[in-house]
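To start, the structure under review is shown below, and the notes come after it.
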Protein chains: 2
Amino acid sequence: MGGSRLPSPAEPSKGRLAIVGIGPGRREHMTARALKVIAGSDYVIGNDSYLDPLKPLLTGKTVIRSSMGKEVERAKKAIELARIHTVAIVSGGDAGVYGMAGIVLEVLEHSGAEIPVEVIPGVTAANAAASVIGSPLSGDFAVISLSDLLTPLEEIERRLDAVFSVGIPVVLYNPKSRGRPHNFTIAITHAGKYLSPDTPLAIVKNALRDEGEEVIITTLGEVEKYTDAVDMHTTVIIGGSESRIWRMGEHVKGIITPRGYHHKYVY
Amino acid sequence: MGGSRLPSPAEPSKGRLAIVGIGPGRREHMTARALKVIAGSDYVIGNDSYLDPLKPLLTGKTVIRSSMGKEVERAKKAIELARIHTVAIVSGGDAGVYGMAGIVLEVLEHSGAEIPVEVIPGVTAANAAASVIGSPLSGDFAVISLSDLLTPLEEIERRLDAVFSVGIPVVLYNPKSRGRPHNFTIAITHAGKYLSPDTPLAIVKNALRDEGEEVIITTLGEVEKYTDAVDMHTTVIIGGSESRIWRMGEHVKGIITPRGYHHKYVY
């Protein structure tokens, strides 16, 4: 790993830990704060898919590449290093939403260490995907992950029922993966209990990433045709009871959820 | 207003419209894309509280300051200008969440104009407030506005009931204003039907803004003491059934919602 450096007892610890949300993928969608804190860190920790777009920032730093599914190990390593070093642990999107912030702070608390810690927010996948298709989340909305690795499927279904029943737009994270191919279909079935088949639905893959951005705008009633396009790099936005397709000329551009100005204004 | 310039018939229109989320307040929490697009615009439109932190970027541009509550007018003006100019309409947080994206795209569609349009996402208030208090939104969550200007109060109450009933963390936008002083108390009453009085609750004012950041960490059972601290510059995060207070040494630092790693790992 190299670069390790023990402080003399008289030297005040300069260790600190930053948990950095790096946004959807392209560097231009990172915040200046995220860039600055990564640039000022001795160690940068993250998994490959997050570190690759950061390559130009990483010269001269010790980079620790970790694998998906090793979050607890990664958190422990970050905290151990942050006792004496400046450490940035990077997380896709916003670090606080299905990212590293929760597990790092849990492990930090359990360790008893008192280290300066900063969570740096970023553009989360819900907002990145929404921006690509117009304004589907203009008002109230809910964010639900379909991954049952850490939450039992029955609990996920209960949450889906609740949020679909009140007709607010719902963003699905982790909609499908090898381990859970059927959860997406289950979610669609719950949506169909409360929402019209005309409800617009977007499948957004690799939103605002350098490569592979794909958008499908369809409806709840037609989505069955496109389930093969849903994978772990996809965010799915299911419109609410007031959402509708957004058109420009003859082109379908995305989804708008009106906020209700039309009740008060003529335009 | 000045700076107006009509293209000759042979010149292709250079007009374009960007709806730019500028994040919670401090410039360092804006994305590079947002900064770049504002810098490249002839016209920048927004209300004072969003334009003031951008002052250094606005030299040489025509700035149109608008008032809160004039969103439809502002959208019409932006579209009119964007037929021949480069226009940025700025919105606090993420433009797609209680921001300008929805109404601008609605008015644009209704106008029939075909203008290149880009929605640029930013760090929304939910993620900004969450980052200041640890990791309260680590998993599923819902975002509900308590403003009944555009949504009837009964509808808001129905949504609150649904999301609190499944124990996910809830972010309240627009929790209180002069026009609706009681909506916050109503929301707390709904939360109390489903969640324990020990449920952690955070009142975050001016999160990541240059001035006036204040944080109160309390519980659902104790929040009554702090309702005076809640105003329109505040975001309130009510933890879910699994959320707990986050401590470092003897200090209360914020709120953690564990994602469930503790079911699978020892740390």
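Among all residue pairs at least 6 apart or on different chains, which show Cβ distances below 7 Å where the first residue, located in region B:50-63, is closer than 12 Å to B:A39 by Cα and the second is at pLDDT 95 or above and among the aromatic types (F, W, Y)?
B:K61/B:Y43; B:T62/B:Y43
Okay, residues lined up against (1) open to solvent by less than 30 Å² (accessible area, probe 1.4 Å); (2) at the interface with chain B (Cβ under 9 Å from one of its Cβ atoms); (3) within 27 Å of A:E213 (Cα to Cα); (4) out of contact with any Cys (no Cβ under 6 Å at 6 or more places or on another chain):
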| position | (1), (2), (3), (4) |
| --- | --- |
| A:V132 | no, yes, yes, yes |
| A:S135 | yes, yes, yes, yes |
| A:K176 | no, no, yes, yes |
| A:I186 | no, no, yes, yes |
| A:T189 | no, no, yes, yes |
| A:A202 | yes, no, yes, yes |
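Failed condition for A:E214, given (1) in contact with a strand residue (DSSP E or B) (Cβ under 6 Å, 6 or more places away or on another chain); (2) under 23 Å from A:S49 (Cα atoms); (3) surrounded by 15 or more Cβ atoms within 10 Å (Cβ to Cβ), with all others met?
So A:E214 meets the others, but not (3).
Residues being surrounded by fewer than 18 Cβ atoms within 10 Å (Cβ to Cβ) and modelled with pLDDT of 95 or more: count how many of those fall in region B:232-241.
Of the residues in that region, 1 qualify.
Scan region A:205-222 for residues that are more than 10 Å from every other protein chain (Cβ to nearest Cβ), part of a loop (DSSP other than H, G, I, E, B) and of a type outside the set (K, R) and jot them down.
Filtering region A:205-222 down to residues more than 10 Å from every other protein chain (Cβ to nearest Cβ) leaves A:205-206, A:209-222.
Filter once more, so that each one left must be part of a loop (DSSP other than H, G, I, E, B): A:206, A:209-213, A:220-222.
Across region A:205-222, the qualifying residues are A:N206, A:D210, A:E211, A:G212, A:E213, A:L220, A:G221, A:E222.
Can you tell me how many residues within region B:104-125 are surrounded by 24 or more Cβ atoms within 10 Å (Cβ to Cβ) and at pLDDT below 95?
0
From A:G249, A:G239, A:G260, grab the single residue that is within 25 Å of B:E114 (Cα to Cα) and either touching a strand residue (DSSP E or B) at 6+ places or on another chain (Cβ under 7 Å) or among the hydroxyl-bearing types (S, T, Y) (or both). Steps first, answer last, please.
Numbers: A:G249 fails: either touching a strand residue (DSSP E or B) at 6+ places or on another chain (Cβ under 7 Å) or among the hydroxyl-bearing types (S, T, Y) (or both); A:G260 fails: either touching a strand residue (DSSP E or B) at 6+ places or on another chain (Cβ under 7 Å) or among the hydroxyl-bearing types (S, T, Y) (or both).
Exactly one residue qualifies, and that residue is A:G239.
Look through region A:255-264, keep the residues that are within 8 Å of another protein chain (Cβ to nearest Cβ) and surrounded by 14 or more Cβ atoms within 10 Å (Cβ to Cβ), and return whichever of them is farthest from B:L149 (Cα to Cα). Talk me through it step by step, then tell me what you get.
Filtering region A:255-264 for residues within 8 Å of another protein chain (Cβ to nearest Cβ) gives A:256-264.
Narrowing further to those that are surrounded by 14 or more Cβ atoms within 10 Å (Cβ to Cβ): A:256-262.
Details: A:I256: 19, A:T257: 16, A:P258: 14, A:R259: 10, A:G260: 9, A:Y261: 9, A:H262: 12 Å.
Restricting to residues being within 8 Å of another protein chain (Cβ to nearest Cβ) and surrounded by 14 or more Cβ atoms within 10 Å (Cβ to Cβ), the top hit is A:I256.
So A:V123 passes all but one of these: (1) without any contact (Cβ under 8 Å) to a residue 40 or more places away in the chain; (2) closer than 17 Å to A:V20 by Cα; (3) of a type in the set (A, V, I, L, M, F, W, C). Which condition number does it fail?
Looking at each condition in turn, A:V123 falls short on (1).
Do any residues in region A:93-106 that are within 7 Å of another protein chain (Cβ to nearest Cβ) and within 18 Å of A:S49 (Cβ to Cβ) have Cβ atoms under 8 Å from those of residues that are surrounded by fewer than 24 Cβ atoms within 10 Å (Cβ to Cβ) and β-branched (V, I, T), where the two are at least six apart or on different chains, and which pairs are they?
A:I103/A:V72
Which residue is surrounded by the most Cβ atoms within 10 Å (Cβ to Cβ), if the candidates are limited to region A:40-67 and must be outside any loop (DSSP other than H, G, I, E, B) and β-branched (V, I, T)?
Our first condition is that a residue be outside any loop (DSSP other than H, G, I, E, B); within region A:40-67, this holds for A:43-57, A:62-66.
Narrowing further to those that are β-branched (V, I, T): A:44-45, A:62-64.
Numbers: A:V44: 26, A:I45: 28, A:T62: 17, A:V63: 14, A:I64: 18.
Among those that are outside any loop (DSSP other than H, G, I, E, B) and β-branched (V, I, T), it is A:I45.
Could you figure out which of (1) surrounded by fewer than 24 Cβ atoms within 10 Å (Cβ to Cβ); (2) more than 11 Å from chain B (Cβ to nearest Cβ); (3) touching a strand residue (DSSP E or B) at 6+ places or on another chain (Cβ under 9 Å) isn't true of A:S145?
So the condition that A:S145 fails would be (2).
Of the residues B:K193, B:K225, B:K253, only one is over 23 Å from B:T124 (Cα atoms), outside any loop (DSSP other than H, G, I, E, B) and in contact with a Phe, Trp or Tyr (Cβ under 9 Å, 6 or more places away or on another chain); which?
On the way: B:K225 fails: in contact with a Phe, Trp or Tyr (Cβ under 9 Å, 6 or more places away or on another chain); B:K253 fails: over 23 Å from B:T124 (Cα atoms).
When all the criteria are applied, what remains is B:K193.
How about region A:39-57: which of its residues are touching a helix residue (DSSP H, G or I) at 6+ places or on another chain (Cβ under 9 Å) and closer than 15 Å to A:G93 by Cα? Talk me through it step by step, then tell me what you get.
Filtering region A:39-57 down to residues touching a helix residue (DSSP H, G or I) at 6+ places or on another chain (Cβ under 9 Å) leaves A:39, A:42-47, A:53-54, A:56-57.
A:G46, A:N47, A:P53, A:L54, listed by residue number.
Test A:S111 against the criterion of being within 15 Å of the chain's Cα centre (by Cα) and more than 8 Å from chain B (Cβ to nearest Cβ), and give yes or no. First the steps, then the outcome.
Working: within 15 Å of the chain's Cα centre (by Cα): no; more than 8 Å from chain B (Cβ to nearest Cβ): yes.
Here the answer is no, as A:S111 does not meet what is asked.
The values are calculated or read from the model by the stated rules, or taken from the named source; none is laboratory data. Just so you know, these numbers come straight off a predicted model, no measurement behind them. Every residue, glycine among them, receives a Cβ derived from its backbone with ideal geometry; neighbour counts consider all protein chains shown. Accessible surface is based on the protein model in full, side chains and every heavy atom, while ligands, DNA and RNA are left aside. Shrake-Rupley method; radii C 1.70, N 1.55, O 1.52, S 1.80 Å.
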